[in-house]
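Some notes on the structure that comes next.
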Amino acid sequence: MKRDPYTSFLFSLVLVLFGSCDDTKKEATDNKTDNLLIQITQAQFTQGKMLLGGFEEKAFPNTILANGTIDVPPENRAVVNASMGGYIKTTPLLVGDKVVKGQLLVSVENPEFVVLQQQYMEVNAQLAYLKAAYERQTQMKKENISSQKSFLKAESEYKTALARHIGLDKQLRMLNISPANVRQGNLSTTARIYAPISGSITKVNVTKGTYVSPATEILEIIDNDHIHLELSVYEKDISKVKKGQKIEFKTPEITSETYPATVHLTGTAIEQNRTVKVHGHPEDILENNFLTGMFVEASIITDSTIAKAIPSEAIIEIDGISYVLVLEKKEANTYAFKPIEVVVNESYRGYSALKSEKNFQPSTQFLTKGAFNLLGE
């Protein structure tokens, strides 16, 4: 029988395949090809753990592609500054160190801190006298013994001192210097700065001896326990994005694994690059080592369509052409498969829909597992 080139290629492929198989496959040397059929025995089918299967109805999502980064809400990011200028005395932490809220971060030294405490002590000492004078003038005014001028002077001096006392008290507390200790005469040249939030140190901008002003960013702390996705979606697609839609994202620079998330909110302003920000919340963030600033590729699932599909494992690609093995017949202990060229329409979670699906019968059986052993080698 005269074969065309395509027939000769498959015929040669089968001969080479069976000529190079292991001891188990050598038992099938009497297999034949007939009209482009690949035949195997029941023993080969069982030992190769092959499976048959038909079309299954599967949901294939319609998605919008987006890029972005992993970020944290503003309340989970803190920049540490000094409330007054000074020189860094201690800085024991490094980038990557974990801290808890209230933990000592750095200490700042400045002689002006002593001047501030001295002023507080002076005002505190005057306050009791001025308060007593004010209360006395108040009582005398009620009894018409004191003049209005004397009363107003006592009131002004007391309230001015009180306001100064409160202001100095607040300044000392901002420096984490205890006013109670100052009232007891314990003055300090050092102010301590404590962690405002729990998290990890991501930046250290100073060393011991560095002078810092209130505008200097000493440290940065980020709490990665509440990360989110900050995605950019083109304006032509933003009308399809709604709160609650599912997101599948991955960090391509780290792994190919895909993670689930949900659309939390969409932006209301268009950026200069004609995109809109979409805020997404990942699931199971505690089980994954996500870091702020990681680049992500995401697919936002807007809706889905139902299509008949087969396992993607059943489709074998040879020289850029995809094939499936269709069960042509089964006689006694022999399976006969026919290779058929197909075009994949879309794939999702291990299943593929075929553009030529209508060319197959609903009852068509495919070799869904083990096709690579017959065509892929």
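Could you list, in sequence order, the residues of segment 213-271 that are of a type in the set (Asp, Glu) and either free of Cβ contacts under 8 Å to residues at least 40 places away in the same chain or over 30 Å from Gly86 (Cα atoms) (or both)? First the steps, then the outcome.
Step one: of segment 213-271, the residues of a type in the set (Asp, Glu) are 217, 220, 223, 225, 230, 235, 237, 248, 253, 257, 271.
If the condition is that a residue be of a type in the set (Asp, Glu) and either free of Cβ contacts under 8 Å to residues at least 40 places away in the same chain or over 30 Å from Gly86 (Cα atoms) (or both), then Asp225, Glu230, Glu235, Asp237, Glu248, Glu253, Glu257, Glu271 are the ones that fit.
For the residues Tyr323, Tyr335, Tyr348, the requirement of being under 15 Å from Leu37 (Cα atoms) and within 43 Å of the chain's Cα centre (by Cα) singles out Tyr323.
Taking segment 300-311 as the range and being in contact with a Lys or Arg (Cβ under 9 Å, 6 or more places away or on another chain) and hydroxyl-bearing (Ser, Thr, Tyr) as the test, only Thr302 passes.
Of all residues in segment 75-93, how many are assigned to a loop (DSSP other than H, G, I, E, B) and buried (at least 18 other Cβ atoms within 10 Å of the Cβ)? Number of matching residues: 3.
The rows are residues; the columns are (1) in contact with a Lys or Arg (Cβ under 6 Å, 6 or more places away or on another chain); (2) surrounded by 19 or more Cβ atoms within 10 Å (Cβ to Cβ); (3) at pLDDT below 90.
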| position | (1), (2), (3) |
| --- | --- |
| Asn176 | yes, no, no |
| Asn181 | no, no, no |
| Ile193 | no, yes, no |
| Pro196 | no, no, no |
| Thr210 | no, no, no |
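Give me a count of the residues in segment 139-168 that are surrounded by fewer than 15 Cβ atoms within 10 Å (Cβ to Cβ) and either touching a residue at least 60 places away in the same chain (Cβ under 8 Å) or not small (Gly, Ala, Ser) (or both). Qualifying residue count for the region: 12. For segment 347-377, the set of residues classified as charged (D, E, K, R), over 27 Å from Ser299 (Cβ atoms) and free of Cβ contacts under 8 Å to residues at least 40 places away in the same chain consists of Lys358 only. Note on segment 143-237: enclosed strands (runs of 3 or more DSSP E) holding 3 or more residues that are closer than 30 Å to Ser299 by Cβ, within 35 Å of the chain's Cα centre (by Cα) and not polar (S, T, N, Q) are 228-234. When you scan segment 115-134, do you find a residue that is modelled with pLDDT under 90 and outside any helix (DSSP H, G or I), even just one? Within segment 115-134 (the criterion being modelled with pLDDT under 90 and outside any helix (DSSP H, G or I)), the answer is no, since none of the residues qualifies. Considering segment 323-377, the residues that are touching a Leu at 6+ places or on another chain (Cβ under 7 Å) and aromatic (Phe, Trp, Tyr) include one that is nearest to Pro311 (Cα to Cα), namely Phe366.
Before we move on, is Ala336 in contact with a Lys or Arg (Cβ under 6 Å, 6 or more places away or on another chain) and aliphatic (A, V, I, L, M)? Outline the logic, then answer.
Details: in contact with a Lys or Arg (Cβ under 6 Å, 6 or more places away or on another chain): yes; aliphatic (A, V, I, L, M): yes.
It is true that Ala336 is in contact with a Lys or Arg (Cβ under 6 Å, 6 or more places away or on another chain) and aliphatic (A, V, I, L, M).
Please find, within segment 335-377, the residue that is surrounded by the fewest Cβ atoms within 10 Å (Cβ to Cβ) out of those that are of a type in the set (Gly, Ala, Ser) and not in a helix (DSSP H, G or I). Checking each candidate, the answer is Ser363.
The values are calculated or read from the model by the stated rules, or taken from the named source; none is laboratory data. Since we're looking at a predicted model, the values are computed, not measured. Methodologically, a virtual Cβ is constructed for each residue, glycine included, from the backbone with ideal geometry; neighbour enumeration extends over all protein chains shown.
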